[in-house]
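Here the structure is laid out as structure tokens; the discussion comes afterwards.
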Amino acid sequence: MVELSLEARGLVYSWTGGGRALDGLDLVVRRGRRLAVLGPNGAGKSTLLLHLNGTLRPEAGEVLVDGVVLGHGRAALAGWRRRVGLVMQDPDDQLFAATVAEDVSFGPLNLGLSEAEAATRVDEALAALGIADLAERATHQLSFGQKKRVAIAGAVAMRPEVLLLDEPLAGLDHRGGVLLQGVLGALAAAGTTLVLTTHDVDLAYAFADEVALFSNGRTLRQGPAAEVLADRVAMAQAGLETPLLLELGVRDRAEALARFGRR
Ligand SMILES: Nc1ncnc2c1ncn2[C@@H]1O[C@H](COP(=O)(O)OP(=O)(O)OP(=O)(O)O)[C@@H](O)[C@H]1O
Ligand SMILES: [Mg+2]
């Protein structure tokens with residue numbers, strides 16, 4: 001089994017009308033791990049995720065899956081997206097079908113599953129996110145947090161090898177956050193590789209095996225969560241503080257998770 005799942009090498013990207021969002025960014029995503037991409041607003045987290053699933057094409061650098069440089073042709077992209085799912089930061093960018101069930105079933109049906117198989121996936125995903133009761137609701141009428149959960153359910157229903165989640169807890173209430181952490185824990189236990197972006201240092205500590213610390217479109221440091229988060233120099237460079245839980249000496253992730261869930 002190849003340990004390396006996804007890799008970004010020297011990515012450079014500038015948005016039209018914006019500055020340079022990625023400035024020679026390197027990142028490795030190891031199979032079966034939970035990686036938190038941590039950085040302040042504007043660091044390039046969302047721009048990176050859009051490269052990791054092939055939505056954006058870098059001006060320079062490359063993205064590799066299992067050591068193979070990914071192409072942006074139609075067939076390559078389709079295969080890539082089947083393996084690497086993305087939940088965008090803004091659910092309005094992601095949801096497009098009229099009802100929740102239609103939206104979540106779109107991906108599975110597109111994979112070629114039967115109506116019955118797709119319906120099972122939809123039921124499972126909605127139940128996991130605690131939104132089974134929203135199945136027949138119109139997507140455009142949902143609250144932000146409800147939309148966010150539907151967007152996550154849509155990605156989960158695809159059963160990707162790697163799931164990229166852009167600020168998944170932002171906008172969720174306490175119960176929604178705890179439920180989502182349970183969902184992510186179950187996915188990780190089932191072998192899904194998880195990449196989550198956040199500027200919440202405590203969430204990064206509670207969630208991640210590994211942290212990639214971003215600033216100004218570059219990776220300042222990537223490594224074991226407790227090591228990177230305790231690196232005051234690198235954290236200050238990114239304009240972030242050491243997690244409270246780490247300051248308090250909570251070194252065990254299970255304990256951090258439990259405490260995070262209760263805050
Ligand atoms: N659609 C866009 N058009 C122009 N510039 C953009 C666009 N999206 C992002 N940018 C710019 O690219 C840079 C990186 O933005 P990005 O959204 O990747 O940061 P981020 O780390 O995800 O921030 P946040 O924590 O606020 O979500 C910023 O300077 C931003 O202004
Ligand atoms: Mg973002």
- Query: If you take the residues in the stretch 187-212 that are among the acidic types (Asp, Glu) and more than 16 Å from ligand 2 (Cβ to nearest atom), which one is farthest from the chain's Cα centre (by Cα)?
  - Reply: 202
- Item | strands (runs of 3 or more DSSP E) completely within the stretch 1-111 that count 2 or more residues being in contact with a Lys or Arg (Cβ under 9 Å, 6 or more places away or on another chain) and within 16 Å of ligand 1 (Cβ to nearest atom) | 4-14, 20-30, 34-38, 60-65
- Message: Could you go through the stretch 164-178 and let me know if any residue there is under 20 Å from residue 43 (Cα atoms), more than 16 Å from ligand 2 (Cβ to nearest atom) and touching a residue at least 40 places away in the same chain (Cβ under 8 Å).
- Response: no
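Looking only at residues in the stretch 1-10 that are touching a residue at least 60 places away in the same chain (Cβ under 8 Å) and among the hydrophobic types (A, V, I, L, M, F, W, C), which one is surrounded by the most Cβ atoms within 10 Å (Cβ to Cβ)? Walk me through how you get there before you give the answer.
So in the stretch 1-10, the residues touching a residue at least 60 places away in the same chain (Cβ under 8 Å) come out as 2, 4-7.
Adding the requirement that they be among the hydrophobic types (A, V, I, L, M, F, W, C) leaves 2, 4, 6.
Numbers: 2: 9, 4: 13, 6: 26.
Once the filter is applied, the top-ranked residue is 6.
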- Quick one: residue 206 ticks every box in (1) surrounded by 20 or more Cβ atoms within 10 Å (Cβ to Cβ); (2) at pLDDT 90 or above except a single one, so which number is it? (2)
- Among the residues of the stretch 11-58 satisfying the criterion of being under 20 Å from residue 159 (Cα atoms) and free of Cβ contacts under 8 Å to residues at least 40 places away in the same chain, which is farthest from ligand 2 (Cβ to nearest atom)? 54
- Would you tally the residues in the stretch 63-89 being in contact (Cβ under 8 Å) with a residue 40 or more places away in the chain and either among the aliphatic types (A, V, I, L, M) or crowded, with 16+ Cβ neighbours inside 10 Å (or both)? 10
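Sort out which residues of the stretch 78-126 are basic (Lys, Arg) and under 18 Å from residue 50 (Cβ atoms), and write them in order of number.
Just the residues of the stretch 78-126 that are basic (Lys, Arg), to begin with: 81-83, 121.
Across the stretch 78-126, the qualifying residues are 81, 82, 83.
Against the definition (buried (at least 23 other Cβ atoms within 10 Å of the Cβ), more than 16 Å from ligand 2 (Cβ to nearest atom) and over 20 Å from residue 258 (Cα atoms)), how does residue 137 come out, yes or no?
For residue 137, the condition - buried (at least 23 other Cβ atoms within 10 Å of the Cβ), more than 16 Å from ligand 2 (Cβ to nearest atom) and over 20 Å from residue 258 (Cα atoms) - is not met.
The values are calculated or read from the model by the stated rules, or taken from the named source; none is laboratory data. Note that this is a predicted model, so its numbers are computed, not measured. Backbone-built Cβ (ideal geometry, glycine too); neighbour counts: all protein chains shown.
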